[in-house]
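This report concerns only the one structure given below.
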């Protein structure tokens, strides 16, 4: 199997959580590579996430503030920059926000993906020395019971407007590959965690609320199970798939680290007790159980066997080490939290009834 050699990579959503780690990894791993970051800088994307990259690589990294659904802008980028590789991460991604405003998810995740696919097809024609990689989620498969894992053959069964919009975008990418011969690959990953994650997501939200002495709301019984992947391991996997993945193929990215939501919140409390003790008492005292999320899937778990066997990928950061690194980062970077969170203060989103606290 021939290896794709990217030279100019467009990273959509590169100022977001996963995207900024992908940009860093690409620039650090290949000194000949140029990266174009396209990001709309919505609430979860911030220039602060790339401040070190912009300073360290002014000749090899260009930041463009723009929307993936802006057809003239996207077409101009392909024409001006000679892009030969796309890593498509830009997406609205928070389930609770999709319950409150589903049409924004359809516009960004479905229409935006279609615009990118058409721009790539127009620019590349029938070239095969190019690559379009689409990043998706395990949530497109719906909920698992106590046994089994999602594989690349698992039927789609999305539960939320977010996961439905991602499922639609996945199908578009496969259709452009099958109909037009676009050299495309896809990946589905489990829950990511690590530095630079916007504090609406479980781990940074719990850390920030605990530091403020606020309650730690856990949905339902807290028995929901999620599979966790350290974000730097995800970035390495994406770069590997782009270079060595087979066009038309899907790869699942996971670390086989399943944990119940309540167990995870308790581990975060114990880490905070060690790293930043609260004179008022153990942080577990702040845990509160709240009404469950509508349509809340019970369990997600990814089977990464194909990625391991075909491309030789393995996670390098254990869950215990990754969690400690993450908590330590948020303890040291409350300046970043203050800079990026804007008007969001950890309130619960995505309720069909009057809002209370949330979420976990």
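Looking at (1) surrounded by 23 or more Cβ atoms within 10 Å (Cβ to Cβ); (2) farther than 22 Å from residue 245 by Cβ, which one does residue 143 not meet, given that it meets all the others?
That leaves (1) as the condition not met.
Confirm whether residue 92 is under 27 Å from residue 196 (Cα atoms) and either at pLDDT 95 or above or under 18 Å from the mean Cα position of the chain (by Cα) (or both). It would help to see each step written out before you state the result.
Values: under 27 Å from residue 196 (Cα atoms): yes; either at pLDDT 95 or above or under 18 Å from the mean Cα position of the chain (by Cα) (or both): yes.
In short, yes.
Can you work out which of the residues in the range 300-340 that are more than 28 Å from residue 258 (Cα to Cα) and buried (at least 17 other Cβ atoms within 10 Å of the Cβ) is modelled with the lowest pLDDT?
The qualifying residue modelled with the lowest pLDDT is 340.
Can you name every one of the helices (runs of 4 or more DSSP H) wholly within the range 132-247 that holds 1 or more residues which are touching a residue at least 24 places away in the same chain (Cβ under 8 Å) and closer than 20 Å to residue 298 by Cβ?
So the answer is 161-180, 202-211.
Here's a check for you: in the range 69-99, which residue that is surrounded by fewer than 22 Cβ atoms within 10 Å (Cβ to Cβ) and touching a strand residue (DSSP E or B) at 6+ places or on another chain (Cβ under 6 Å) is nearest to residue 140 (Cα to Cα)?
Once the filter is applied, the top-ranked residue is 84.
Could you tell me which numbered condition residue 43 fails, if it satisfies all but one of (1) closer than 21 Å to residue 233 by Cβ; (2) within 21 Å of the chain's Cα centre (by Cα); (3) surrounded by fewer than 20 Cβ atoms within 10 Å (Cβ to Cβ)?
Exception for residue 43: condition (1).
Does the range 34-45 contain any residue that is within 22 Å of residue 247 (Cβ to Cβ), at pLDDT 95 or above, in contact with a helix residue (DSSP H, G or I) (Cβ under 6 Å, 6 or more places away or on another chain) and not in a helix (DSSP H, G or I)?
yes
The values are calculated or read from the model by the stated rules, or taken from the named source; none is laboratory data. Source: prediction; values computed, not measured. Glycine gets a Cβ as well: all are built from the backbone with ideal geometry, and neighbour counts include every protein chain shown.
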